[in-house]
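For reference, the structure is listed below as structure tokens.
The values are calculated or read from the model by the stated rules, or taken from the named source; none is laboratory data. In this text, all values refer to a predicted model and were calculated from it rather than measured experimentally. Every residue, glycine among them, receives a Cβ derived from its backbone with ideal geometry; neighbour counts consider all protein chains shown.
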Amino acid sequence: MEIWRTVREFISLIEDDISDVSDNRIKLTILLEKLSVGMKNIYGDVDDIDDEMLPDLNYDSIRLMVFKRFPDFGFYNIAFDYSVNFETEELDIGDAIDDVADIYIDLKRANEYNKYNREQMALWDLQFGYKSHWGQHLSDLQKYIYKLNKEE
């Protein structure tokens, strides 16, 4: 399934050698697009959620890993919630490093289920995480990167 290749590429971007970070933003932009498109037709069934099989993912060390790969990423403003009532919506602060870290954690989790031949659970976890958490990070991050690229 193509989505798993993209998930593994995203994980590799964060975990692999960082001797040259110059192309990381371009690679990330492409992977975010692939993830966004790839998630359109993902469906899975929850069977037995077994967090014991998942690795312990330390947020602080992951955040540091992400920062080393994207040293130019920072904070940005976003709408607190998207709504047709734009007059009443508040602004919030986004964090591109947190966006990448959270996407990585959720993809890593789903990928672990997939590695243990629990594909339906992996697909469910991927879809649930996308709709409830990392999909918003992906969308916000795409807008942030667009703005960074535009200003260069």
Any idea which residue in the range 89-107 is farthest from residue 57 (Cα to Cα), counting only those that are out of contact with any helix residue (DSSP H, G or I) (no Cβ under 6 Å at 6 or more places or on another chain) and buried (at least 16 other Cβ atoms within 10 Å of the Cβ)? 95
Residue check, residue 146 against (1) closer than 15 Å to residue 1 by Cα; (2) surrounded by fewer than 18 Cβ atoms within 10 Å (Cβ to Cβ), all met but one. Which one? (1)
Within the range 94-114, is even one residue closer than 21 Å to residue 9 by Cβ and without any contact (Cβ under 8 Å) to a residue 24 or more places away in the chain? no
Spot the failing condition for residue 109; the list is (1) closer than 22 Å to residue 40 by Cα; (2) at pLDDT 95 or above; (3) among the basic types (Lys, Arg), and only one is missed. (2)
Among the residues of the range 100-152, which ones are under 25 Å from residue 72 (Cβ atoms) and not in a helix (DSSP H, G or I)? 152
List the residue pairs whose Cβ atoms are under 9 Å apart, where the first residue sits in the range 13-36 and is in contact (Cβ under 8 Å) with a residue 60 or more places away in the chain, the second is acidic (Asp, Glu) and part of a loop (DSSP other than H, G, I, E, B), and the two are 6 or more positions apart or on different chains. 25/72
Scope the range 19-39; condition among the aliphatic types (A, V, I, L, M), surrounded by fewer than 15 Cβ atoms within 10 Å (Cβ to Cβ) and more than 16 Å from residue 149 (Cα to Cα); matching residues: 37
In the range 1-26, how many are within 13 Å of the chain's Cα centre (by Cα) and either over 21 Å from residue 119 (Cα atoms) or among the acidic types (Asp, Glu) (or both)? 3
Selection count, the range 121-143, where residues are among the polar types (S, T, N, Q) and either more than 15 Å from the chain's Cα centre (by Cα) or under 15 Å from residue 4 (Cα atoms) (or both): 1
Does residue 96 satisfy the criteria of being modelled with pLDDT of 95 or more and in contact with a Phe, Trp or Tyr (Cβ under 7 Å, 6 or more places away or on another chain)? yes
